[in-house]
Amino acid sequence: MRRCPAPCLALRLAGIALAALGFAASAAAAPASVNGLIVKLRERPADAAAQDSADTRLDRVLRVAGMGAHARHLGARSRHLDFGARLPREEAQRLALRLAESPEVEWVVPNERERRLDVPQDPRFAASYQGSGQWWLFPAGGSNANDIEERRRGVPGVQSAWQTSTGGANPVVAVLDTGITAHADLTRSVLPGRDFVSTVEYANDGDGWDADASDPGDWVSAADRANAALFGDCEEADSSWHGTTIAGMLAADTNNGVGVAAINWSGRVLPVRVAGKCGADVADIIAGMRWAAGLQVLDAQGRAVPINPNPARVVNISFGGSAACNAAYQDAIDELAAHGVVVVAAAGNEHGAVTRPASCRGVVGVAALNRDGFKASYSNFGGAVKIATVGGDPRWYGDWGMLVGDDGLLSIGNNGKTQPGSAIYTREAGTSFAAPVVAGVIGLMLGVNPQLTVAQVIDGLQRSARPHVLAPKMAACSDRNPGRCVCSTATCGAGILDAAGALQYALAPGSYVAPNRQPEVVDNAEITAAVALGADRAANGGSESSSSDGGGGGGALGFGWLAALALAVAALRPCRSRRARSRAPAPAGAAR
Ligand SMILES: [Ca+2]
Ligand SMILES: [Ca+2]
Ligand SMILES: [Ca+2]
């Protein structure tokens, strides 16, 4: 065979995509060297010398190409070519292109070293832990034939994304929430935060703004409720430790042989305390957002608050109010976006309209899915949602729950009913916990490509998303079917968050091509049995759920009540925002 001269080779280089030769498209994801090539010869043409063996033919191909290599049998016509030393990636590409010129060669690929699939050695991560572990981090997949524990068509597949990146110290992710508590599985990652709860009676730490983001507890007692002016619109509740649980999802110590894993194995979270008893004021949320982003904030006396030395690129807000997005929120969100800071917000838990700030322009509003990919019972929905991911859909919630539910997202917490008690592990459910799944994946995206703009982050999340599942027996999400229901791009955002796909976008946003994926069809015995019960009745009230894993329990909030009250709250105190979180005790005797 005639060797291709240099100009010809240049043309071939232009014409042959290296990807077709099995080389990774992105240098960032590729190993620096490979151990030879793997080549397969074509089935011999009928008019060729009939008796030549594959080895004889391969010897001829190598001779023509001017190469010497030891060939090891990998099949009737395929061989591993060992060149005696590892080949630099560029050299391997050059040799592969030369071999591919031969009409005898069917294909040639690099013999790359596959990496061990990264599985963190945290005992509660594993599926063997309580039968499900941290299933919300596991690879997406499963079919209708699987048991429900093996069905994960709604999850983001974070474990698959870890093959590309397990994260790093940047970017900082801010958790605008109730503050932070000490936990033995959250020791590496918590940056010095700040406390922006301005009303002393809600702050619970004896003062207004301060430099200590510790969570003193956000319980509301019967005695508090007696003070109707301040607490009349709050429910009695135990402390939530909401911020600790979210920080743990994002950046608990991972691969440390203890407890749980987090989305970012070595992430850093910035606890910004904006919520005390009864929720968070919009003005405090906005001050916290701006401070988190590294902007100048002035206190009530007009004095400068020290600039945050660890500005965040991602801000997670798992609180919300029922009124429309207001100008105060929108200005702050626009200001943060101009500084490259992405705001992620929970859509809310009233199985109704999306709460603010998730409904604001430019915010990544997150709806919650069941593990099978349809909308979780409680999740709000609508056109403002950007993306959807699992938020836990408790099996003890509603008639459908026992059939199609799960046992919540496992992270860290605290068992104190009022003040901080002991550090525990806890399973939670709510859009509050779906939002940080998205925030964490955005953190991985910005980790591999800090140059991404806010618009690119949102574009990447949406274009890489998997299509919403189809479920022919279930009703589409609508005002008439606001409980567990089938999502569409009109109700639950562009699709199901796909962490690995989002990272592929982040590596090369300009050349990213979304895979052409067909929606999964969810149809199984559990759905059939659930549909036979009638529509999921979550919209008619009841409480959201959580359970503790290792002691203690959560408080309870009735969200039917909350949805009804929200208008009255808005009228009384326009700046007061209600928490969009979901907790209730597991039924007595539940094994967990
Ligand atoms: Ca304070
Ligand atoms: Ca404080
Ligand atoms: Ca751990």
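Just so you know, all these numbers are worked out from the coordinates, no wet-lab data involved. Computed from a prediction, not measured in an experiment: that's the story for all the values here. Note that each Cβ is placed from the backbone with ideal geometry, even for glycine, and that neighbours are counted across all protein chains shown.
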message: Could you derive backbone 3J(HN,Hα) for the stretch 225-238 from the dihedral phi with the Karplus parameters 6.51, -1.76 and 1.60 (θ = phi - 60°), listing whole Hz in sequence and x where the residue is Gly or Pro?
response: 5, 5, 8, 5, 4, 9, 10, x, 9, 10, 8, 5, 7, 6
- request: Please report Rg over Rh for the stretch 147-198, where both radii come from the alpha carbon positions and Rh follows the Kirkwood definition.
  value: 1.09
message: Out of the GluC sites (Glu not before Pro) in the stretch 74-158, which ones are loop residues according to DSSP with at most 16 other C-beta atoms within 10 Å?
response: E114
- line: Nearest-0.05 FRET efficiency for A304 and T187 at R0 = 22 Å, using Cβ-Cβ distance, is 0.10
- prompt: For the stretch 412-487, what does the alpha-carbon gyration tensor say about shape, rounded, prolate or oblate, given a ≥ b ≥ c as the root eigenvalues, a/c under 1.5 as rounded, and a/b over b/c as prolate?
  reply: oblate
- prompt: Using the count of nearby Cβ atoms within 10 Å as a rough guide to exposure, how do S240, S511, S132, S318 rank from fewest to most?
  reply: S511, S132, S240, S318
- prompt: Sorting L230, L403 on the 10 Å Cβ count, fewest up front, what's the list?
  reply: L230, L403
query: Per residue, how much space in cubic angstrom lies within the convex hull of the C-alpha atoms of the stretch 129-577?
result: 123 Å³
The stretch 386-446 - convex hull of the alpha-carbon atoms, volume per residue in Å³: 125 Å³
- request: Just flag the trypsin sites (Lys or Arg not before Pro) in the stretch 264-329 sitting in loop per DSSP whose Cβ has no more than 13 other Cβ atoms within 10 Å.
  value: R303
- request: Kindly provide the pair-distance distribution of the stretch 311-385 built from C-alpha pairs, with 10 Å bins from 0 and whole-percent values in order of increasing distance.
  value: 22, 50, 23, 5
field: Label-point separation, K417 to R225 (7 Å along Cα→Cβ), nm
entry: 1.5 nm
- line: For V173, V486, ascending order of other Cβ atoms within 10 Å (fewest first) is V486, V173
- prompt: Given 37 °C and 0.692 mPa s, how large is the Stokes-Einstein diffusion coefficient of the stretch 284-415 in µm²/s, with Rh as the Kirkwood radius over Cα pairs?
  reply: 203 µm²/s
- prompt: How about the stretch 177-283: which GluC sites (Glu not before Pro) there are in a DSSP loop, with at most 16 other Cβ atoms within 10 Å of their Cβ?
  reply: E235, E236
query: Between the stretch 464-483 and the stretch 322-390, how many Å separate their Cα centres?
result: 18 Å
